[in-house]
Amino acid sequence: MTSPEHVPGGRPVLEGRPAAAWLRAHRDDLIACALDALAEQEGQAPDPLRRRNPELRWIVAYNVDALISAIDRGSTRVEEDDVADLVASAARRAGEGDPIKHLLRDYQIGMDALWQAVARRCLPADHIGLIRLTSAMHTYLLQVTTLVVRGFQHEAARIRTGERDARYALYSALLTGERPDTAARLAGITLPERYLVLSLRLGSAPPTGATDPGRAPEITRHRRANAIRRVLADHAGEDALALVQDPAATALVPLAPGSGGSPKPLLCELTDRLTTLIAAPVHAAAVEAAPDAVPDARAQSEEILQIALATGQPPGA
């Protein structure tokens, strides 16, 4: 007869004992292996500070214990109550501005390191148990990352909503001529001495329907809007303000203190980069202005743009 540990779908067994007990016996070594892998991620030299980080050690230990508990009870289904502290930790990382890709990377690297540590210690006779344990670990990883990502995104969305509303209030105050000082303080933005008030008109993108029938039109609009935000952010960080209503856009780009001369070189650089990113022609016009003169500058830049379009001027600055 086939022994219980070789029955497909049974609980994992390593070295003749339940995998949960085996993992519990090697718990400290597994945690150390995961911490070493996290300290050496992306091919960089080991980061001793990250290896000794008490919170990172706590998160790794929490995951190891939660995995062992799930395997021990014969179900790798993970509920939010089971990992509530991990969800809260992910939300805190969102509040600190840590990118979500770092969160996912840490979970992937940590779980891979655990698997590698188990696999190195397993004997040839344990291959069935290792296969079952691998399946359990993948299931656990899928479920726990789903929960922590949800916690991360909820917190990030809450923060983004507040920041977005504050930034839009500042953008509106500048364009309507209201005193923007209060709005700038709420948005966490220091008003510059001068803005480059930028009016854009994006040309039509090449048609994609025939060659890419599954592509929704909204994808192109989002990509073009993201391209504008990326170009502005690369030049002025998060202090650049923009409203994109494809094919039109208006942006307020803070200029560095004391920057003099014509804004034409900067405008040409922004326009050329944007043209490359969206793969479509771009007409752009801009006027320099102090914060309290933004409304008039916006009207002037829009007038320049309309003249350029009406007279058939080629795309560019």
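Quick look at the values:
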read-out	value
Scan of segment 60-76 for residues that are at negative phi, touching a residue at least 12 places away in the same chain (Cβ under 8 Å), out of contact with any Phe, Trp or Tyr (no Cβ under 9 Å at 6 or more places or on another chain) and not aromatic (F, W, Y), ordered by number	V60, A61, V64, D65, I68, S69, D72
Conditions (1) closer than 14 Å to L200 by Cα; (2) open to solvent by 50 Å² or more (accessible area, probe 1.4 Å); (3) without any contact (Cβ under 8 Å) to a residue 24 or more places away in the chain: number failed by P265	(1)
Residue count for segment 88-128, restricted to those that are within 20 Å of R27 (Cβ to Cβ), surrounded by 13 or more Cβ atoms within 10 Å (Cβ to Cβ) and among the basic types (K, R)	1
Scope segment 167-208; condition farther than 27 Å from T275 by Cβ and polar (S, T, N, Q); matching residues	S172, T176, T182, T190
Where R164 falls short, out of the listed (1) surrounded by 14 or more Cβ atoms within 10 Å (Cβ to Cβ); (2) in a helix (DSSP H, G or I)	(1)
Strands (runs of 3 or more DSSP E) contained in segment 194-306 and holding at least 3 residues at pLDDT 90 or above	195-202, 248-254, 282-289
Residue check, S75 within 20 Å of S135 (Cβ to Cβ) and either open to solvent by less than 20 Å² (accessible area, probe 1.4 Å) or modelled with pLDDT under 85 (or both)	yes
Residues satisfying the stated conditions in segment 121-179, i.e. more than 30 Å from A289 (Cβ to Cβ) and β-branched (V, I, T)	I128, I131, T134, T139, V144, T145, T146, V148, V149, I159
Residue match in segment 40-57 (condition: at pLDDT 85 or above and assigned to a helix (DSSP H, G or I))	yes
Condition met for R150 (at pLDDT 85 or above, of a type in the set (D, E, K, R) and closer than 21 Å to A94 by Cβ)	yes
Segment 102-125 - residue that is aliphatic (A, V, I, L, M) and more than 14 Å from N63 (Cα to Cα) and, of those, modelled with the lowest pLDDT	L123
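Every residue, every condition in (1) in a loop (DSSP other than H, G, I, E, B); (2) among the aliphatic types (A, V, I, L, M); (3) open to solvent by 30 Å² or more (accessible area, probe 1.4 Å), yes or no:
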residue	(1), (2), (3)
Q143	no, no, yes
V148	no, yes, no
R158	no, no, yes
L175	no, yes, yes
E178	yes, no, yes
I189	yes, yes, no
P192	yes, no, no
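The values are calculated or read from the model by the stated rules, or taken from the named source; none is laboratory data. A quick note: this is a predicted structure, and the numbers were derived from the prediction, not measured. Cβ sites come from the backbone with ideal geometry, for glycine too, and all protein chains shown count toward neighbours. Accessible surface areas use protein heavy atoms only, side chains included; no ligands, DNA or RNA. Shrake-Rupley method; radii C 1.70, N 1.55, O 1.52, S 1.80 Å.
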